[in-house]
Structure formats: structure tokens, C-alpha cells
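All remarks here apply to the structure that follows.
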Amino acid sequence: MTGIAQKLASNQKQVAISEFFEKNKHFLGFDSLARSLITAVKEAVDNALDACEEARILPTIRVVIEKIDVKKDIIKLIVEDNGPGIPQKSIEKVFGQLLFGSRFHAIRQSRGQQGIGITGVVMYCQLTTGRTTHVRSKISGEPTAAVVDIGLDTRKNKATKSNQGREIWYNEDGSAKEHGTEVTAQMKAKYQKGRQSVWQYLRMTSIVNPHAEITFTDPEGEVHHWPRVTERLPTKVEGIKPHPHGIELGQLQRMASESTDSRLTVFLRMNFSGVSARASKELCVAAEIDEKTKPKSMNADQIRALLEAFQGERHVKGKPVKLLNPPTNCLSPIEEMLIKKGLSKTIDSRFISTLTRAPAVTQGNPYQVEVGLIFGGNMAADKPVEVLRFANRVPLMYQQGGCLLTKAIESVDWRQYGLDQPGAKGVPKGPAAILVHLASTNVQFTSEAKEALADNGEVIEEARKAMLEMGRGLRKHLEKKKKMAKTKEKFELINDILPAIAEKSAHILGRPVPDLAGSITKIMSAVISETSTTWNKETKQTDVMITLFNYTSRVRAYTILATWPEKAGAEMINNETGGRKEATGVWAWKLPSLEPGERTVITYSLSGLERGDWTETDVFFRGSQDVIGASKMDEKFLEEIRRQERALSDPGDADSTPEEPAEPMGEPTVAPPTGQTTLFGGDV
Amino acid sequence: MTRRHTPEETKQAMHLIVGEMYDRIVKGEPPTMTLPVRTKNNIGFDKKLGVYKYGKKQSIRDATSLGSAKQLLRALHVVEFIEEMLVAGKSSTLREMYYISEAWGLGKFGSQNESNNLAEDLEIVTKCLREDFKLRPEEDGARMIGNLTLRERNRRGEWMRINARDDVGDSGYGVPYNVEAEKIELLEHDIDFIMAIETGGMFDRLIENGFDEEYRCGLLHLKGQPARSTRRIMKRMSEEWDLPVVVFLDGDPWSFRIFASIAYGAIKTAHISEYLATPSATYLGITADDIVAYDLPNDDLSKKDIEALNAELTDPRFADGWWQEQINMMLELGKKAEQQSLAKYGLDFVTETYLPEKLAELGLA
């Protein structure tokens, strides 16, 4: 936002808005008639979602598109939300002023980083149809809604308002509207279908905003509805101060000149994240500036020196100044379970795997990668998989090829995970969709168009790792499916066919029906596990039952491991078999030896989940003989979970912590302290 | 040697199979059914019988996989069904049995091919014939024309005397599915040989040209791969009347196979080759030589044709020098030709030139 805002601010004085708009429409998102409509919807919907999030309201959004004049491509757009509403005197500011507020000092993950804002839409409507934009907004507690038509005086480059008034706002069902905002705009635009369409934008928005309810009426009158699948609002994000690693010279200059601090060390400690008392002093030493210097009085050379100290180019005692990583609680990931819900409400499938990586830091900016993979169902098997890219919950719909997120997908050899990918190059083919979400306080785009993320080795690697893990999940699922089919056949054989053979042959020969136990053992000649994960309506819990049959002629002993959604807040209860936690979301039971023909059953329930949250439990085993229906425990998988655990507890140190060998059936790990500590032992 | 069985013998033979399954279960093993391998790798020439029969290779179908277990269960249902028919004095077509299996629950057939194969399996293991099982095909037999007389027992149980030249229309005498002694008796003939013909078009051409009378032969339309009853009646005529059999087919790999099944025995029915095959039958044409010698209009061999020819090179039934030569020549030419390509030289060429020349080589004209 800042880049465009500044540009606008400096340009506004010299050129007419129309001229400016014309010149910059490609990065404002109004370069084609089809894209203009998507941009308009995007600005309005982003505003609605942001406003609801801020006010902690579950958003209900209605989008209507009507064709007014097909020949002249005039389209009417209505976007209505149930947000807090805008006080009458602020409407003009929100819709008519380009430089409204600054996000300069508050660095945080927000949708608004992208795009020009709703004012751009008002401008575009004015310029293409000469019409004003109608706004109706009501705040809770006021009896009536404020209405006003907002336009732009292109000669004076100023917002205009007309037909201002108040009215009672009725919902469609006749009831009075509590609060919300509705924008009605007419513009020159084209409605298109397909991968780059309003429909796709809203569909994608709905996937990453599972707490939102979105209804879209398209120009043909067809109503598309994406229901709300969770009542949980995204975590409220805290703004953080900039980190020295992520700052530019201009910004540092501005911060210094606006500072009222009396000492440089105080300025450093108070205005930046990751700077401890000790670090602030060391930075001064490195930059060769007296720590008592008033920030405002620093000259250009000093500021440059300070920046060099920030970036580790100036040393103290031969070393760059050690800085802490910025806190990562400023990020609001969607989280695995909710991505799963978002995906499954939108796309019909057989398998969903989602993954939220621990937050990490690149160039002083916290970021977090989330991925989702959805497989099977009605998706086309011979076409490239659908790529769903998001930055801070905003769908990216253009420039797929040039985007970091796409490159991360392409960097994986999907063939080993069961997807088609000729030459291990490009986006894989198959009945699947891959979702990648980057949450960050500072999303770097390839261009002002803000449709593709710029290359960053660390981020790519993080996304790649997430996808590898997800790919392993897919492979496991496919293998499991195969094995389950095989197991099912075997059970049909011994439960149905074999008894029928015994009965029929006995009947034909006029002899007694023989006992089947011996034949069954010979036929199965395996240990078989069966797992059921079912929602219990009465207890509102997910009941899991793992049964292990020994159909061999020998005694067998195993440790059985099972996954459960610990990260999503599930708690394991009624687990009478005991066992212990092996890693986050992995429980282990060492079972007593199982005699031939015997079975053992593990049962437990999961509380703290909703229906449909957890439908498939992965079961693993440790032991020398194969278990049909379970996978051999991949110790690397456990290591990766433990590595992520450590990363979560101390993101700054994730990679430098030596890998500890996985301890099978080790004692439950003690939860590490959650508070931030510095590398030097002090507090943040 | 395959022979007919009484209902009691048939039942006993079937109980041996059932007993194998039962005993294995009693021993605590998966039930099994043992039967010969039914591929070209397990057929060998039986010197005594003069035909190709299954060798000693056995395959054991055991109930360790769902598919095999279902096969065993189906076999039991079929055995039970046959026993019921034996008791009731009924018979059924293979297709009827396939539909009846709808009521067999887990033992029901997935396709008719499955039920046909299983009937053959049972024949092989029990050494009974499907006639013993009271099962009959719905495949229709061949058509015959020529001065030969036989007796057929009609639906009312009466014997009818039929001359296949004077008592039939243009379509000839239709060979029924059962050509055993209880149904058909060969009475007398005034012909010198029997000619089996692959296509209906050629059969009709020879009749229109009066070939059967001029050359004193019986004409038999095979309708492609000949049905069991067609092969059986050929064998009976050849043996009981001591008549030579010549086979006139298209010149392609599939015709070679038809001939092999007539003269040496088919792989699928190698258990009853001595009952169906006519070892004295001769391949008249179209040969690979003919394509060149008569400069016949031809088609390129398809990929499948070439595969079939290559498979024939390793088929023991084509192991003799003449066949190897023919097959290799066809592969070299890369061409095949139909019987009716002889029409290139006019409608009478086949009866006035080609067949007389070919028969002369055999001393039949």
C-alpha cells in the first residue's frame, strides 16, 4: 500500500486522476475489463473481511453482479457485509480518500497490503461510467443507516458526496439490518467464467476464510453459496515493530527524523524488534556512533553506518551484532484443520492433507507457510492439478508461472508421491488441487501488480519441505488404500467365501461341516490391523478403535503408533491401553505378545473436535513382521515432527539445534518453556 | 481316453473334486482344485491318439486369493447344479447356467466367459464331457451340403432320414449341437472327400457353381472358429466313412489356428482332442505360397497378425517343417489374403482353376 500511496501522493498534485489511473491501471488491477471486475470485488470483499475480523464478527458477505448494458459492457456490482459499519462522517474518508491512514509503523499481516483499496473502485466507476458509487452503512445502536453517493471530482481531484441521508435498512426477509455496509457500483467491466473469474476469486477466498459465509449471484441469476464451516475467527494479529534486518535506508531516515527519543540506544530498543539492551549498545559501537546521540540529529553518513551495522556489515569484536528474531505471534495462519474444512467444502475429494509449518524469519520478516493437498473425487485426472495460491489469505489469480509458490510446487518430484509429472518438471497432473498460503508481515511481490510472489530461497525451501511432507501423506494414503482393499478382500475370503466352500462341499459330500481355523491361519498368514475413526453423536467425541489380529502361526509382538490432531487442540481420553506420547500428535502403545489366532483392541476417544474434523487415523507399527493395514513407522517422519516442535518452541534456533536421534518409546517429552529468551540468556 | 459317463459315474467324478477341497479344509489347509495348465506350453503330441493333448503341468487353484476362492465356490455351485439336473433328467445351456448363477450369491459368475471356462475346467478334471454334465452350448453348428445321408432324432424322438443334397434348401443341413450316436447316425454317402470352408461367401460360391456335384464332395461351412459339434461331426465322417478332409480357409494367421484346432486339437479343448480332432485333415489354402503364385490381392499384416504368427512359430502344433516354412514366408511377405480374393480372376476361377489345381496336388481331382 505504501508504495502506491506515495506514488499517488506525489503524482496527485501534477496530473489529473484520470491520467494517473490510465497510466498505472496495470498495477492497479484495472488493465482489462475482466480483471477490473475481479479487482473491484476483491477490494470490496477484502474490506469487508478485514472490518469483520477487526470487530470480531463472523462475516456474512453477499456479492451480486448484474449486466446493465451488454453492448457497452456496463456492469452493476453490489457487495454487502455484516461488518461493524462505518460512521457517517467516515464514509467519505474510507471511499473517497486515497491516503487514509498509514500502516507505516505498524507492521503486520494484513490483506490491505495488496491493491489500491476501495477508493480505486470508486475512481474506476467514475471514470468509466461517470457514475457515483452508492454506499449504505449502518452501525449497531443507531436506528437508521447512513446513505451517500461517493464520486470523485476529476478536475479538483477530490472526493464528492451527494444524496446524503439516512434510511431504515431492511434485510431481504423484512427484518431490520443490525449493522453492515453495502456498496453499489456501476462500471465498465466484463463478467467471465473460469480460472480467472469473480467466481474463482470468491471460491478461493472462501477456502482460506472458512469462518466466512459468502453468497454470490452471478449475472445469469445463479446463486453460488459457500457456507461458513467454522465459528472460529482468525487470531487477532499483533502489530510488530520493524526488524533491523528488514529495513531500508529511506525508512530508517524517516524513523530517525520522526523520533523524539533522546538516546540512540533507547530509539533502537523501543522502535525495533529483536534488539536487546546489549544489542542496542553493540549496534552503536559497530556503527561508531555515540550511544547518547539524539536519533533526530544523526547525519546521513551516521544513518548509513547504522544500517550497515543492522545488516551485519559492520562488526563488533570481529563479529556482526547478534539480533533476536522478530516475534512471530504477529502471524495469523489459517491452520491445518481449517484449511481442511475450507478445501473440503469447496472441492469434492477422497483425501485431504494440510500442513502449517512453524513460523520462520527471512530478512527480518516473520513468515509462515501453509499447504494443502486434496486428491481424488471428481477432479480431472489428466489435467495439471489446480494450484491455489494465497498471500495473507488473499487469492493470487494471475501470473501463476512466475510465482514463488508455483516454483515450490514444481521443485518437488511428485511422481514418487503418486501424481503424474512428465520428466519431474512443472506442475504435476492428476485429480488433485494444491493450496499454498504464505502469511507474512511483508509479502514481497515480483511487481506492483501483486499477483506473484518474488523469489526467496528460504521461503521456497520452507514451502518445498511442507509439500514433501504432504506428498508423503498422499503416498501413504494411496498405499493404505491399496492395502485396505487387499485386507478387505482377505476378510471377505475368510468371512464369507471360505465358510461357503466348507458348507457347500460338506453338503455335496454329505459330511459334517469342517472347522475353518487352520485354513484361515494359512490363508491370511499375516497380522492384520483394522482401524475405525467414527464421530460419536452422543458424546460429541471422535471414537477410535484399532484392532490387531494375529493370523499367523507364531507369537507376535508390536508397538502400535497412531496419529491424532493434537495441534488442533484434540485431547485423547478413555485410553485404557495406556501407552505414551511419542511426539506431537503421535501416541504409542507397546502391546503384549499376541498369540496365534488372538486379537487385541486399542480404543480411545478424542475430545475437543467437531464432527468431520478427524475422519482418518494413521496407524504405524514397530516390529519385524509386516502388519497389513498399518505402515511401518518411518523414524524420519518422527524426527521431522520433533524438529517442528523445537522450531515452534524456539524459532530462532530451529536449524542450529543438533538433531537428536529418535528414541523409540521414549518418555513423554516435557513441554519446553514458551516464553522468548535471548541467545544470551536474558529476556526479550 | 475320453468317453461318455453314466450319471452315477459323472457324480462320482465330480465328488472327487469336492473331496479335494473338503479334505484340505479338514487338514487345516486352504482348499484347492488341481487342473492341467491350459496354455500352449503344456500341450504335447499324443502318438497313440495322433492329436495334441495337455501335458503333465498342473496348476493348483487354491483359496488364498479372493479370485481363486470364488472360483472354487463357483465350481461347487456348478457341481451341485449338475447333480440336480442329473436327478431331474434336465439339461441346460451354458448361458442358462450363467443366469441361474445369479441366485448363487457369492458364487455367481461375473461373465459368461467365466462359466464357460469353469465348465471346461470340470470336464478336464473329471474327464467327463459337458454332455455328461447335461450342459450344452448355444453356439450354432455348421451347415453342410453334399450327397451324404444321415439320420437325426428329432424333438419328438423320431428318427428322420436326411440327404444333405436332396432334402435341404440352399442353406444346407444345419448341424445340431449334439452329434453323438444317440442323436445322429451316419448312414451312407456318395462322395470322395469333405471340404471345410471358412467363410459363408465362399461356401455359397461353391454351391452356386455346383462344385459339390462336379467334384463329388461334401461342403461344410465352418463359420469361423468351428464349434465343438462341427469338429466332432467332421471327425465322425472322416473316421466312420473313411473320407479325406480338406480345409479351405483365408490365408492369415487366424486361419492357421482354425486348421490346427481341426487337425491337431485346440488348446482350450486339448483334454478332448482325440474326440474332436481330425488328424488326417489337410490344409488346402490359402497358403502363403498361393498369395505369390496366384498374385492375389492382399492386405498388410497387422501388428496383431505378426504377434500371432510369431506365437505360432513356438506352438508345438506348428512344429513341422511345412508349417514353419509357411509361417516364415507369410512373415517375410508381410501380407495376408482372403479366400474371396480369388474373385480377382472371375467368379468361376476358384472352382475351375484354383481348387482343381490344389486338389490335384493331393490326388483328389
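Quick check on A:K636: is it without any contact (Cβ under 8 Å) to a residue 60 or more places away in the chain, among the charged types (D, E, K, R) and not in a loop (DSSP other than H, G, I, E, B)? So A:K636 passes the test. Among residues of segment A:240-263 that are closer than 17 Å to A:E291 by Cβ, those with a beta-carbon under 8 Å from a residue that is surrounded by fewer than 16 Cβ atoms within 10 Å (Cβ to Cβ) and aliphatic (A, V, I, L, M) at least six positions away or on a different chain give the pairs A:D261/A:M270.
Every condition in (1) at pLDDT 90 or above; (2) within 20 Å of A:S197 (Cβ to Cβ); (3) not polar (S, T, N, Q) is met by A:K25 except one, and the failing one is (1). Give the residue, chosen from B:M33, B:M21, that is within 13 Å of chain A (Cβ to nearest Cβ), buried (at least 21 other Cβ atoms within 10 Å of the Cβ) and outside any helix (DSSP H, G or I). The unique qualifying residue is B:M33. Among the residues making up segment A:144-162, a single one is exposed (fewer than 15 other Cβ atoms within 10 Å of the Cβ) and modelled with pLDDT of 90 or more: A:T144.
Looking only at residues in segment B:134-163 that are touching an Asp or Glu at 6+ places or on another chain (Cβ under 9 Å) and assigned to a loop (DSSP other than H, G, I, E, B), the one that is farthest from B:K223 (Cα to Cα) is B:N147. Within segment B:217-236, the set of residues being outside any helix (DSSP H, G or I) and buried (at least 22 other Cβ atoms within 10 Å of the Cβ) comprises B:C217, B:G218, B:L219, B:L220, B:H221, B:L222, B:P226. All conditions in (1) within 14 Å of another protein chain (Cβ to nearest Cβ); (2) over 30 Å from A:I520 (Cβ atoms) hold for A:K425, with the sole exception of (1). Filtered by the rule that a residue be in a loop (DSSP other than H, G, I, E, B) and modelled with pLDDT of 90 or more, segment B:237-276 gives B:W241, B:D242, B:L243, B:P244, B:L249, B:D250, B:D252. Against the test of being farther than 30 Å from B:W241 by Cα and not hydrophobic (A, V, I, L, M, F, W, C), the options B:D289, B:D320 yield a single qualifying residue, B:D289.
Of everything listed in (1) in contact with a helix residue (DSSP H, G or I) (Cβ under 8 Å, 6 or more places away or on another chain); (2) surrounded by fewer than 22 Cβ atoms within 10 Å (Cβ to Cβ), the single unmet condition for A:I339 is (2). The condition (being farther than 19 Å from A:I497 by Cβ, within 14 Å of another protein chain (Cβ to nearest Cβ) and in contact (Cβ under 8 Å) with a residue 40 or more places away in the chain) is satisfied by just one residue among B:L72, B:L49, B:L94, B:L86: B:L86. B:D204 - would you say it is surrounded by fewer than 21 Cβ atoms within 10 Å (Cβ to Cβ), assigned to a helix (DSSP H, G or I) and more than 21 Å from the chain's Cα centre (by Cα)? Yes: the conditions hold for B:D204.
What about B:N116, is it outside the structural domain of B:V179 (by TED's automatic domain parsing) and surrounded by fewer than 15 Cβ atoms within 10 Å (Cβ to Cβ)?
Considered against the rule, which asks whether it is outside the structural domain of B:V179 (by TED's automatic domain parsing) and surrounded by fewer than 15 Cβ atoms within 10 Å (Cβ to Cβ), B:N116 comes out as no.
Within segment A:481-535, the set of residues being among the small types (G, A, S), touching a residue at least 12 places away in the same chain (Cβ under 8 Å), out of contact with any Lys or Arg (no Cβ under 9 Å at 6 or more places or on another chain) and not in a helix (DSSP H, G or I) comprises A:S525, A:S529, A:S532.
Just to verify a result, which residue in segment A:477-506, among those that are more than 7 Å from chain B (Cβ to nearest Cβ) and of a type in the set (A, V, I, L, M, F, W, C), is surrounded by the most Cβ atoms within 10 Å (Cβ to Cβ)? Only one residue fits best here, namely A:I494. Just one of the listed residues (A:R278, A:R228) is in contact with a strand residue (DSSP E or B) (Cβ under 9 Å, 6 or more places away or on another chain) and in contact (Cβ under 8 Å) with a residue 60 or more places away in the chain, namely A:R228. Evaluated against (1) part of a helix (DSSP H, G or I); (2) more than 25 Å from A:V619 (Cα to Cα), A:E538 falls short on exactly one condition, (1). The residue pairs whose first member lies in segment A:24-49 and is closer than 20 Å to A:A452 by Cβ and outside the structural domain of A:M204 (by TED's automatic domain parsing), whose second member is of a type in the set (K, R) and buried (at least 24 other Cβ atoms within 10 Å of the Cβ), and whose beta carbons are closer than 7 Å, counting only pairs six or more residues apart or on different chains, do not exist in this structure. Can you find a residue in segment A:59-73 that is of a type outside the set (S, T, Y), surrounded by fewer than 19 Cβ atoms within 10 Å (Cβ to Cβ), more than 26 Å from A:P327 (Cα to Cα) and modelled with pLDDT under 85? No, that holds for no residue. Looking across segment B:202-228, the residues that are touching a Pro at 6+ places or on another chain (Cβ under 9 Å) and modelled with pLDDT of 90 or more come down to B:Y215, B:L220.
If we keep just the residues of segment A:397-409 that are within 22 Å of A:L468 (Cα to Cα) and in contact with a Lys or Arg (Cβ under 8 Å, 6 or more places away or on another chain), which is surrounded by the most Cβ atoms within 10 Å (Cβ to Cβ)? Of everything passing the filter in segment A:397-409, A:L405 is surrounded by the most Cβ atoms within 10 Å (Cβ to Cβ). In segment B:126-133, the condition of being surrounded by fewer than 17 Cβ atoms within 10 Å (Cβ to Cβ), part of a loop (DSSP other than H, G, I, E, B) and either among the acidic types (D, E) or within 14 Å of another protein chain (Cβ to nearest Cβ) (or both) is met by no residue. Applying the condition of being crowded, with 21+ Cβ neighbours inside 10 Å and within 13 Å of A:S344 (Cα to Cα) to segment A:210-228 and asking which residue is modelled with the highest pLDDT yields A:W226. Restricting attention to segment A:507-527 and to residues that are over 60 Å from the mean Cα position of the chain (by Cα) and more than 8 Å from chain B (Cβ to nearest Cβ), the residue that is surrounded by the fewest Cβ atoms within 10 Å (Cβ to Cβ) turns out to be A:G510. Of all residues in segment A:303-318, which are β-branched (V, I, T) and closer than 17 Å to A:R263 by Cα? Correct list: A:I303 only. With a requirement of 2 or more residues that are outside the structural domain of A:F95 (by TED's automatic domain parsing), the helices (runs of 4 or more DSSP H) lying completely within segment A:158-272 that satisfy it span A:249-258, A:264-271.
The set of residues from segment A:432-469 being farther than 24 Å from A:H245 by Cα and buried (at least 20 other Cβ atoms within 10 Å of the Cβ) comprises A:A432, A:A433, A:I434, A:L435, A:V436, A:E451, A:A466, A:M467.
Residue-level check: of (1) over 19 Å from the mean Cα position of the chain (by Cα); (2) within 14 Å of another protein chain (Cβ to nearest Cβ); (3) closer than 27 Å to B:S273 by Cβ, B:L122 misses just (1).
The values are calculated or read from the model by the stated rules, or taken from the named source; none is laboratory data. All of these numbers come straight from a predicted model, not from anything done at the bench. Quick reminder, even Gly has a Cβ in these numbers, built from the backbone with ideal geometry, and neighbours come from all protein chains shown.
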